[in-house]
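Presented below is the structure to which this report refers.
Just so you know, all these numbers are worked out from the coordinates, no wet-lab data involved. Only a predicted model underlies this, so the values are computations on that prediction, with no experimental measurement involved. Quick reminder, even Gly has a Cβ in these numbers, built from the backbone with ideal geometry, and neighbours come from all protein chains shown.
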Amino acid sequence: VYNFSAGPAVLPEPVLLEVKEELPVYRNLGTSILEISHRSPEYAEIDASAKALLRKLLGLGEEWHVLFLQGGASLQFHQVPLNFLPKDGSADYLITGAWAQKAYKEAKFLGNARVAASSEDRNFSYIPDPSTWELDPKAAYLHFTSNNTIYGTQFQTEPEAEVPLVCDASSDFLSRRITPERYGLIYAGAQKNVGPAGVTVVLIRDDFLQRRNQPLPTMLDYGTHAGKLFNTPPVFAVYIVEKVLRWLEGLGGLPAIEAINDRKAALLYERIDRTDFYRGTAEPGARSKMNVTFRLPTEELEQRFVAEAKQAGLIGLKGHRSVGGLRASIYNACPIEAVEALVSFMDYFEQRYG
Ligand code: PLP
């Protein structure tokens with residue numbers, strides 16, 4: 001079966017096999033890694049290795065804190081402004097989809113959040129042109145959603161801003177290279193590109209961290225978690241994330257996965273564009289390399305496509321419930337063979353029903 005789910009999503013097969021091997025008994029512990037203290041040397045090694053791998057993959061220097069938090073990206077929508085939206089200041093938000101809207105809503109709840117640009121007028125099918133953004137040079141940060149999971153759009157380049165970027169990278173984290181210097185904070189729920197649900201990766205640059213509001217509730221203060229294990233972390237999720245990161249490093253890191261992701265996306269978009277039977281929903285200049293959204297001539301055909309694809313071993317292709325249509329999520333762990341199989345199925349389906 002090839003899995004195109006938008007999240008929780010496919011994990012690399014070698015990772016799952018390693019977990020299967022290690023699960024009842026980890027190394028020579030006589031017990032599994034899930035049944036021992038998170039302060040044991042064995043877990044400390046996993047935590048340190050995962051953090052070191054993230055630093056290496058992204059080229060993060062000592063000035064960056066790597067945090068493994070809980071609550072999903074959705075809690076970050078609140079925690080970011082709670083920490084960084086000043087009482088006497090404001091923050092800018094780029095509204096490019098439903099997740100960005102949710103982040104903005106939480107910020108507005110806490111203070112003065114501004115919409116710097118929005119693509120809601122055309123159902124979030126594009127990324128607003130930077131020349132139209134109304135940026136405030138005094139904003140505490142500029143928040144953006146690098147990849148819009150539901151609508152299949154993605155920032156093709158990182159936003160240019162005078163202020164630190166804060167990025168919800170949940171659905172394209174570690175799928176391509178980034179320029180860390182531009183960011184104050186990056187967060188990502190693990191369950192699409194880096195692991196299972198249950199852990200949220202948060203990267204914070206130290207000078208940005210030092211600007212946070214005070215006082216803050218203990219658990220929601222990023223300072224509580226920077227550089228230490230304050231409470232029990234989501235050990236199982238981090239244990240798997242560490243393996244996914246090792247797998248990614250073994251492939252050749254971000255330049256290698258970026259090239260693979262480019263090839264996968266090109267194959268699929270080329271198939272969509274070849275005839276009028278399939279219609280991509282994102283504007284070509286904003287197309288996501290992670291979530292490829294498309295439609296068929298009728299909803300009835302779309303339902304048939306999902307059902308027959310499932311019979312053929314291609315699962316998770318139904319579009320998000322709020323927009324309908326079809327969506328193939330082709331995250332890092334989705335092999336190119338899966339995309340080739342989907343393209344062949346699309347050829348067959350068009351021949352039969354087109
Ligand atoms: N941000 C983006 C871009 C997402 O795709 C999602 C989930 O699909 C979320 C945030 C919400 O993440 P979580 O379920 O971890 O709160």
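Strictly over 26 Å apart at the Cα level, which of 264/318; 105/264; 102/289 would you flag in this model? Walk me through the numbers before you get to the answer.
Details: 264/318 19 Å; 105/264 34 Å; 102/289 23 Å.
Those over the limit are 105/264.
For the chain, with a Gaussian network of springs between Cα atoms less than 10 Å apart, report the residue from 86, 130, 180 with the top mean-square fluctuation.
Greatest mean-square fluctuation among the candidates belongs to 130.
Could you work out how much longer the chain between residue 322 and residue 109 gets when fully extended? Use 0.36 nm per residue separation minus the Cα distance between them, nm to one decimal.
Values: separation 213, 0.36 × 213 = 76.68 nm, distance 2.39 nm.
Gain on extension, residue 322 to residue 109, equals 74.3 nm.
Starting from the Cα of residue 228, draw a straight line to each of the lysines and keep only those under 17 Å, dropping any in the same chain fewer than 8 residues away.
Within reach: 51.
At 7 Å along the Cα-to-beta-carbon direction for both residue 220 and residue 156, put a label point, then send me their distance in nm to one decimal.
Here the modelled spin labels are 3.9 nm apart.
Taking springs between alpha-carbon atoms closer than 10 angstrom, which of 44, 338, 190 fluctuates most in the Gaussian network model of the chain?
44
Answer with one residue from 230, 175, 67: the one whose Cα lies farthest towards the positive end of the charge dipole of region 14-251, charges on Cβ with Lys, Arg +1 and Asp, Glu -1.
230
So how far apart, in nm, are the two label points at residue 352 and residue 301 if each is 7 Å from Cα heading toward Cβ?
Result for the modelled spin labels: 1.4 nm.
Compute the semi-axes of the equivalent ellipsoid of the chain, taking the square root of 5 times each eigenvalue of the Cα gyration tensor, and list them largest first in whole Å. Before the final figure, lay out each step's value.
Working: eigenvalues 219, 160, 51 Å².
One finds semi-axes of 33, 28, 16 Å for the chain.
Quick check: net charge around residue 343, other residues with Cβ under 14 Å of its Cβ, Lys/Arg +1 and Asp/Glu -1?
Values: positive: 263, 264, 271, 274; negative: 270, 273, 337, 340, 347, 350.
Net of charged neighbours comes to -2.
If I model region 31-105 as equal point scatterers sitting on the Cα atoms and use the Debye formula, what is log10 I(q)/I(0) at q = 0.19, 0.22 Å⁻¹?
Each listed q corresponds, in turn, to -0.98, -1.06.
Output the antiparallel fraction of DSSP beta bridges having both residues in the chain, as a percent to the nearest 5. If you can, show how the numbers build up before the last one.
On the way: 21 of 39 bridges.
Beta bridges within the chain, antiparallel portion: roughly 55 percent.
Based on Cβ point charges of +1 for Lys and Arg and -1 for Asp and Glu, what charge dipole magnitude is obtained for region 14-251 about its Cα centre, in debye rounded to the nearest 20? Intermediate values should be presented prior to the final figure.
Details: 23 positive and 28 negative charges, 59 e Å.
Using Cβ point charges on Lys, Arg, Asp and Glu, region 14-251 gives about 280 debye.
Give me the net charge for the shell around residue 15: Cβ to Cβ below 13 angstrom, other residues only, Lys and Arg +1, Asp and Glu -1. Mind dumping the intermediate values first?
Details: positive: 20, 243, 246; negative: 13, 18, 21, 22, 242, 249.
Result for the local shell: -3.
What whole-number distance in Å separates the alpha-carbon centres of region 98-124 and region 215-236?
So the two Cα centres are separated by 27 Å.
Tell me, what is the FRET efficiency for residue 211 and residue 315 to the nearest 0.05, using R0 = 30 angstrom and their Cβ-Cβ distance as r? Walk me through the intermediate numbers first.
Working: r = 45 Å, r/R0 = 1.49.
Using R0 = 30 Å, I get an efficiency of 0.10.
By average Cβ neighbour count within 10 Å, what is the ranking of 159-165, 329-335 from highest down?
The peptides rank, most packed first, as 329-335, 159-165.
Between residue 132 and residue 270, what is the FRET efficiency for a Förster distance of 41 Å, r being their Cβ-Cβ separation, to the nearest 0.05?
Numbers: r = 30 Å, r/R0 = 0.73.
After rounding to 0.05, the efficiency reads 0.85.
Of 97, 30, 324, which is the most mobile in a GNM of the chain whose springs link Cα atoms less than 10 angstrom apart?
30
Expected output is a single nm value to one decimal: the length gained when fully extending between residue 181 and residue 337, i.e. 0.36 nm times separation in residues minus the C-alpha distance. What is it?
Residue separation times 0.36 nm, minus the Cα-Cα distance, leaves 52.6 nm.
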